[in-house]
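Since the structure comes first, as structure tokens, the remarks are kept for the end.
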Amino acid sequence: MSHKGWLYDNAVAEATFNTIKIEFVKNEIFSNRNELRQRFSAYAYWYNNNQLYSSLG
């Protein structure tokens with residue numbers, strides 16, 4: 001399944017973090033960690049329930 005040096009080991013994680021950086025973090029300022037956690041939780045809920053599968057109906 002996974003081997004040392006395999007090209008695609010981190011592809012999913014890197015794509016996910018890239019999406020988070022572009023859509024969620026870019027140009028945002030958070031006053032504290034609690035605000036960050038709350039807003040990220042809301043973003044993750046929106047992303048999982050609307051963004052990914054909206055085209056599938």
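The values are calculated or read from the model by the stated rules, or taken from the named source; none is laboratory data. No experiment lies behind these values; they were computed from the predicted model shown. As a convention, Cβ positions derive from the backbone with ideal geometry for all residues, glycine included, and neighbour counts pool all protein chains shown.
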Got a number for residues in segment 31-54 being at pLDDT below 90, assigned to a loop (DSSP other than H, G, I, E, B) and of a type outside the set (Phe, Trp, Tyr)?
1
Restricting attention to segment 8-30, which residues are exposed (fewer than 10 other Cβ atoms within 10 Å of the Cβ), β-branched (Val, Ile, Thr) and modelled with pLDDT of 85 or more?
ILE22, ILE29
Given (1) at pLDDT below 85; (2) surrounded by 10 or more Cβ atoms within 10 Å (Cβ to Cβ); (3) not β-branched (Val, Ile, Thr), number of the condition LYS4 does not satisfy
(2)
